[in-house]
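Presented below is the structure to which this report refers.
Where a number appears in this text, it was derived from the coordinates with a stated rule and is not lab data. Because the structure is a prediction, the values reported are computed rather than measured. In this analysis, Cβ positions are derived from the backbone assuming ideal geometry, glycine residues included, and neighbour counts consider all displayed protein chains.
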Amino acid sequence: MMTPRKLAMKALRYTLIGVLVVLAGFPVYWMAATALNVNSQLYGTGQVAWPQLQHLPDLVTELGNVPIGRWLFNTLLIASGGTILSLTLGALAGYALSRFKFHGRGLVGFLLFMTQVVPEALILVPLYAMFITFGLLNSLTGLILANVGFSLPVACFVLKGAMDAVPYEIEESAIIDNCPRFSVLTMIILPLIMPSIAAAAVVAFFAGWNEFLFASTFLMDNSLWPASVGLASFVGQYETPMSAVLGAALVFSLPAIVFFLLIQRKIVAGLTAGAVKG
Amino acid sequence: MPALTFKNVSKTFGDNTVIDAFSADIHDGEFLVLLGPSGCGKSTLLRMIAGLSDITSGDLLFDGSVANDWEPKQRGVAFVFQTYALYPHMTVRENIAFPLIMDAFRKWYHLPIVNIVARHRLMKRADIAERTLSIARQLELEPLLDRRPASLSGGQRQRVALARALVRNPALYLLDEPLSNLDAKLRTQMRSEISALHHKVGKTFVYVTHDQVEAMTMATRIIVMNKGIVQQVDTPDEIYDHPANTFVARFVGSPPMNLIPASVRNNALQLSGRLAVEHAAPLPPRRELTFGVRPEKLTLHPAGEGRLPAQVAVVERLGAETVIGCRLMTGEENKDQRLLEHDLVFVRVSGNPKIKIGELCSLDYQADDVLWFDIDNGDRIFLDQE
Amino acid sequence: MSANGLKNRSGLVKLLPYAFILPPMIYLVVFMFWPLSRQMYMSLTNTRIVNPNRGRFIGLGNYERLIEDPAFYVSLKATLVYTVLTVLIGIALGVVAALAIDRPFKGRAVVRAILLFGWAVPGVAASLIWLWMYNERSGVFNRMTELLGIGRFSWLTSTDYALGSVLAVTVWQVAPFVMLVVLAALQSVPQEVREAARIDGADGISTFRAVTLPHIRPSIQLAALLVAVWSIRRFDIIYLLTGGGPLGSTSTLVVKLRQTAFEGHELGMASAYGAVGLALALMVAAVHYTVEQRRMKRMSR
């Protein structure tokens, strides 16, 4: 039994959902559709509004002219290196915050919170100067070191939250069993919080994957560019067909979309934890 | 094997004193039970012995040397936790072998990744594998060796925790309420298993519990604690028969000792205010005190035959015996309008007497069975000393 | 930690936490807080990019110039407008979307996934898509407006529309995040309380106001804090879409900072812009914490 009022509410709700889906989904749809158009359509006769799968071979050929493989490889290096470093340091910090009371704990919390507030651009110039001094400019190592400053705290918050849920007794039991603290962390605690480690890894990985400001400033050499900088170089440049540009953007976006959708809740928990407890 | 000595050990958290000047000796090979209500500091004491909690002041001696600052591993103890604290990501076999593997680890084995390889290697080492297997056999865990803790029942987990404690053959076993997460039947069974274990290994056991039945059945000695202060240190029999104060009297025994306010006027005893009782023995030289008698020392008689007239308020039939809660007829009992039955005097009789709630009866006692306590601080009053 | 038992354990135990916390903290100090303090100091010098490690101390000179520079006020205004509007629109859309998909319906998982696209797409890729959609000659927006007969728009190159266009992309990115945060809060509203309100005679809207809204308000506030801070920090999409133009209408403090540093080569001046940006972000955080503290106090009463 549905009253007219309820029916109207229901219709309104589904209309609203429909509008939101179009607003949120259209740009991605359009990216795919554009990638599968040919240039003459894009600039001349008018873009075809649906993806034309018959143009897929053309897209593949066009992408062959763009060093997208090289860029993605660099991106992969930057993202993986940053992930390993953030998780290692984040696990240490998370463990200390989860298990110990120590002088300076408040300061540590404040510093971690600050990292979430400080604009990246603000440390750009001093880092640039520092990297010149240490020969880290124009190197992936330098870029990773810069990125990790921002992803480490998020990894720390995610891992600390998970460690808080591990009972103390398990840890004390290991201590009685003659297990040093560092091994308590690596052999007991970390294996128990694997799902959260995976979540923190995805967050850190895609922070590195998406990063643009540092990469565009610290890397001069085209061969070192990650995909974000490479793709950005298409802006204001008209030799590369738009279908190839957006095709490359799509290839670049897909892993991020897939992983973000897979562990969306964990990411949100990680991003909000720092601000709640900081 | 260590003899433990506590010398004025105290523990404070901020302003909160958890343990106040605790002094005691724990002898080699005994089964010592730390008994007390929750929050009395008994677990903290156990954790101090293990080296898991710091000692605020005083000294803890292992065989005469101050051990306050020793690392847990130096103390050679095994700890069984209330929650068992098994490693959830390891199989039963790996859980039991873990202490052995840690002992066999060299420093550099603790490096990340190296530790994984080292652990797998050591699991296969003949002596470790054999020792693990033999302990598992002793505790009938062999069929479960490749399962993980999550798939075990409470009793099985308990046995894995014991196996892990036994495997290193420590000199001192610390058990923190190990049976409180089990159901009643299993608890009775595990109680005798742990007692038997103590006899077999012949090492020192320190066992923390709030359950007086566990304490009475297993201990060779009991330390009764309340609010961080030791109430009595003695054998189970002494604790039961000669409690040092009303706290111990009430805490040990079920139903607890009957404690009745009493007064002495002109060398005549009055219970619960007005009930004058002929007492056949000397009375303490006090005006107000507490009269204590165990339920099984009271005898039940038809109305008028015993010295204490009473009315039946509660009857608990336990099969072999019956516990009857009575209200003493002091002449003022009708003024009491409360619905709940407080301050009942319990009497324990064998068999199944035909008695109904509301029936009038009488109680009687032997003067030898009476213990006297100070009415204010609850301490035992000894007649011969005064 | 040696086995001979002679070392003072309490001394070591006190040091133990630092063995864990120091490596990450040293890292953060070297790669975050040392540069940050350098930057703050730099804003008091006339450092230029040719000699990034050698600048003369000039006191508040950069800030004096800043106060006299109309471009600074343009940038400050752009930052404030951009931040405030992003928060307002982003939160509004995010909350509406969360409420719309809170209750189960067929295809909810797919809808939820699509609604999250904007959040999941990397900023650079998002910029490229929207640049193409905003394209004046061949972009889908202008093709549509032409079809509707209202002509073409200079979405990104006219001072009237540029900030709005950048804002649209930003909202597309942050609204899904707000939605996720609010959705998580909504799912934790105890069903019994909602039902109790129903039994007590409340209709849909009053149930929402009496039960649901108070429950999700802290989450909304938290999302607002994060969105505001991110808006102050955001660089990639603004830089790629408009480069701060036209006429500085989208040049937020962060964009201005990088331009002043790497195009104007005035590091001291750039740092002064950065200091203002940091102050803004800290103010937002301070407001959030004050409100949060008050709420906590109210709750505990």
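Beta carbons within 10 angstrom, averaged per residue: use that to sort the peptides B:254-267, B:224-237, highest first.
B:224-237, B:254-267
When Lys and Arg each count +1 and Asp and Glu each count -1, what net charge do the other residues less than 14 Å away from A:ASN74, Cβ to Cβ, add up to? Numbers along the way, then the final one.
Details: positive: A:ARG70; negative: A:GLU211, A:ASP221.
Taking every other residue near A:ASN74 into account, the sum is -1.
Karplus couplings for the range B:70-85 from phi (6.51 cos²θ - 1.76 cosθ + 1.60, θ = phi - 60°), rounded to Hz, Gly and Pro as x?
Those phi angles translate into 5, 5, x, 5, 6, 7, x, 10, 10, 10, 10, 8, 4, 8, 6, 6 Hz.
Shape call for chain C from the C-alpha gyration tensor, a ≥ b ≥ c root eigenvalues: rounded (a/c under 1.5), prolate (a/b greater than b/c) or oblate?
Oblate, because a/c is 1.5 or more while a/b does not exceed b/c.
Rounded to the nearest 500, what is chain C's calculated 222 nm mean residue ellipticity when only DSSP H runs of at least 4 contribute -39500 (n - 2.57) each, over all residues?
Computed mean residue ellipticity for chain C: -22500 deg cm²/dmol.
Count, for each residue of C:252-264, the Cβ atoms from other chains sitting within 10 Å of its Cβ, then give me the mean as a whole number.
Counting other chains' Cβ atoms within 10 Å and averaging over C:252-264 gives 3.
Does chain A come out rounded, prolate or oblate by the C-alpha gyration tensor, with a ≥ b ≥ c the root eigenvalues, rounded set by a/c under 1.5 and, if not, prolate when a/b is larger than b/c and oblate if not?
Values: a/c = 2.39, a/b = 1.38, b/c = 1.74.
Note, shape of chain A comes out oblate.
Using only atoms on other chains, find how many Cβ atoms lie within 10 Å of each Cβ of peptide C:176-183 and report the average. Could you put the intermediate results ahead of the total?
Values: counts 4, 5, 0, 3, 7, 4, 0, 3.
Other-chain Cβ atoms within 10 Å of each residue's Cβ, averaged: 3.
Roughly how tilted is helix B:114-124, in degrees to the nearest 10 and between 0 and 90, from the longest Cα axis of chain B?
The helix B:114-124 is inclined about 80 degrees to chain B.
Amide H of B:VAL315: which non-local residues (sequence gap of 5 or more, or other chain) have their own amide H closer than 5 Å, using H built in the peptide plane?
B:GLY325
Could you tell me the relative contact order of chain B? Use alpha-carbon pairs under 8 Å, at least six residues apart, and round to a whole percent.
RCO, chain B: 16 percent.
Could you check what % of the DSSP bridge pairs in the protein assembly as shown are antiparallel, to the nearest 5?
Antiparallel bridges make up about 80 percent of those DSSP assigns within the protein assembly as shown.
Of all DSSP beta bridges in the range B:255-381, what percent run antiparallel (nearest 5)?
100 percent
Under a straight-distance cross-link criterion of Cα-Cα below 15 Å, which aspartates and glutamates are reachable from B:LYS354, leaving out those fewer than 8 residues away in the same chain?
Qualifying aspartates and glutamates at Cα under 15 Å: B:GLU316, B:GLU321.
Provide the packing ranking of A:243-256, C:181-194, i.e. peptides ordered by the mean count of other C-beta atoms within 10 Å per residue, highest first.
Result, highest mean first: A:243-256, C:181-194.
Does the range A:103-234 come out rounded, prolate or oblate, given a ≥ b ≥ c as the square roots of the eigenvalues of its C-alpha gyration tensor, rounded meaning a/c under 1.5 and, failing that, prolate meaning a/b above b/c? Kindly include the intermediate steps, with their values, before the conclusion.
Values: a/c = 2.53, a/b = 2.14, b/c = 1.18.
Here the range A:103-234 falls in the prolate category.
Out of all DSSP beta bridges with both ends in chain B, state the antiparallel percent to the nearest 5. Kindly include the intermediate steps, with their values, before the conclusion.
On the way: 60 of 78 bridges.
Just about 75 percent of them are antiparallel.
In the structure displayed, which of B:LYS11/B:LYS73; A:LYS160/C:LYS14; B:LYS227/C:LYS14 lie more than 25 Å apart, Cα to Cα?
B:LYS227/C:LYS14
Could you work out the relative contact order of the range C:170-290? I mean the mean sequence separation of Cα pairs under 8 Å and 6+ apart, divided by the number of residues, in percent.
22 percent
Could you work out the helix-only [θ] at 222 nm for chain A, with each DSSP H run of four or more residues adding -39,500 (n - 2.57) and the total divided by the number of residues, to the nearest 500 deg cm²/dmol?
Calculated mean residue ellipticity at 222 nm is -23500 deg cm²/dmol.
Where in chain C are the DSSP H helices whose C-alpha atoms run 27 Å or more along the long axis and whose mean Kyte hydropathy is at least 0.0?
C:9-28, C:70-100, C:162-187, C:213-233, C:267-300
Tabulate in residue order the Karplus-calculated ³J(HN,Hα) for the range A:96-110, using 6.51 cos²θ - 1.76 cosθ + 1.60 with θ = phi - 60°, rounded to whole Hz; enter x for Gly and Pro.
4, 6, 6, 10, 10, 9, 8, 4, x, 4, x, 4, 4, x, 5
If you take the charge dipole of the range A:63-277 about its Cα centre, with +1 on Lys and Arg Cβ and -1 on Asp and Glu Cβ, which of A:LEU246, A:SER223, A:ALA198 is farthest toward its positive end?
The listed residue farthest towards the positive side: A:ALA198.
Once both axes come from the Cα atoms, what is the angle between helix A:194-210 and the longest principal axis of chain A, in degrees from 0 to 90, rounded to 10?
Relative to chain A, helix A:194-210 is tipped by roughly 50 degrees.
Relative to the longest principal Cα axis of chain A, at what angle does helix A:242-262 sit, 0 to 90 degrees, rounded to 10?
40 degrees
Straight-line reach from A:LYS6: which lysines have Cα under 20 Å away, leaving out those fewer than 8 places along the same chain?
Here the lysines satisfying the reach criterion relative to A:LYS6 are C:LYS106.
For C:LYS256, go through the lysines and keep the ones whose alpha-carbon is under 27 Å away, minus same-chain ones fewer than eight residues off.
C:LYS77
Only sites in a loop by DSSP and with at most 13 other Cβ atoms within 10 Å count here; which chymotrypsin sites (Phe, Trp or Tyr not before Pro) in the range C:34-123 make the cut?
C:PHE105
Report, as an integer, the average count of C-beta atoms from other chains found within 10 Å of each Cβ along C:106-118.
That works out to 5 on average.
If you count, for each residue, the other Cβ atoms within 10 Å and average over each peptide, how do B:356-369, A:13-26 line up from highest to lowest?
Going from most to least packed, we get A:13-26, B:356-369.
For chain B, what does -39500 (n - 2.57) per DSSP helix run (n ≥ 4), summed and divided by total residues, give at 222 nm, in deg cm²/dmol to the nearest 500?
It lands at -7500 deg cm²/dmol.
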